[in-house]
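Each value in this text was obtained by applying a stated rule to the coordinates, not by laboratory testing. Model, not experiment: these values are computed from the prediction. Here the Cβ positions follow ideal geometry from the backbone for every residue, glycine too, while neighbour counts run over all protein chains shown.
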Amino acid sequence: MFWTTWCPYCRRALRSLKDDQQELNDIGIELLTIDVGEPAHNVSNFIKGLGLDFAVLLDLDSTVSDRYDVLGVPTYFVISKSGGVVFSGNRFPKARLKNFNLE
């Protein structure tokens, strides 16, 4: 998921992912979230405040989000083990995850 600290929808989404983390891990989903364009200290303080314990990566200059054609946040990508994008969108497809080919 691409996100920012200033986005109210992202805050809600991150809390949901935190709540669903174990269930997602159980079906083989590893969470990687990417903050877009913010300083490390801002992001660090933010994730500590939310108590997030999944991977948070930094896209300091928005290069990665540009390559993925991210037009707004939050934006989710589900990527298979082979590296193919099986989903992209602005809402997490929790109910559909078991239908995706993640291999």
Query raised in the report: What are the ³J(HN,Hα) values, in whole Hz, obtained from phi via the Karplus relation 6.51 cos²θ - 1.76 cosθ + 1.60 with θ = phi - 60°, for each residue of the range 79-93 in sequence order, with x given for Gly and Pro?
Result: 10, 6, 4, 7, x, x, 7, 9, 7, 8, x, 9, 10, 5, x
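How big is the Kirkwood radius of the range 41-103, worked out from every pair of different alpha carbons and given in Å to one decimal?
Details: mean 1/r = 0.0731 Å⁻¹.
Hydrodynamic radius (Kirkwood, Cα only) of the range 41-103 equals 13.7 Å.
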Requested in this report: Before rounding to the nearest 500, sum -39500 (n - 2.57) across all DSSP H runs of length at least 4 in the chain and divide by the residue total; then give [θ] at 222 nm in deg cm²/dmol.
Outcome: -10500 deg cm²/dmol
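Within 10 Å of each residue's Cβ, count the other Cβ atoms and sort D20, D61 from fewest upward. Intermediate values should be presented prior to the final figure.
Numbers: D20 15, D61 10.
In increasing order of surrounding Cβ atoms, one gets D61, D20.
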Requested in this report: Amide H neighbours of V86 under 5 Å, at least 5 residues apart or on other chains, H built in the peptide plane: list them.
Outcome: V78, I79, S80
Query - Karplus (6.51, -1.76, 1.60) ³J(HN,Hα), θ = phi - 60°, over the range 29-42, in Hz, Gly and Pro reported as x - result: 9, 9, 7, 10, 10, 10, 7, 9, x, 10, x, 4, 5, 5
Query - Given charges at Cβ of Lys, Arg, Asp, Glu: the chain dipole, positive-most of T5, S80, L24 - result: L24
Query - Residue among F92, F77, F46 with the largest mean-square fluctuation in a Gaussian network model of the chain, springs linking Cα atoms under 10 Å - result: F46
Query raised in the report: Using alpha carbons only, how many degrees (0 to 90, rounded to 10) separate the axis of helix 8-26 from the longest principal axis of the chain?
Result: 40 degrees
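If the chain between D69 and L24 were fully stretched, how many nm would it gain, using 0.36 nm times the residue separation less the Cα-Cα distance? Could the numbers behind the result be given before it?
On the way: separation 45, 0.36 × 45 = 16.20 nm, distance 2.50 nm.
Full extension from D69 to L24 adds 13.7 nm.
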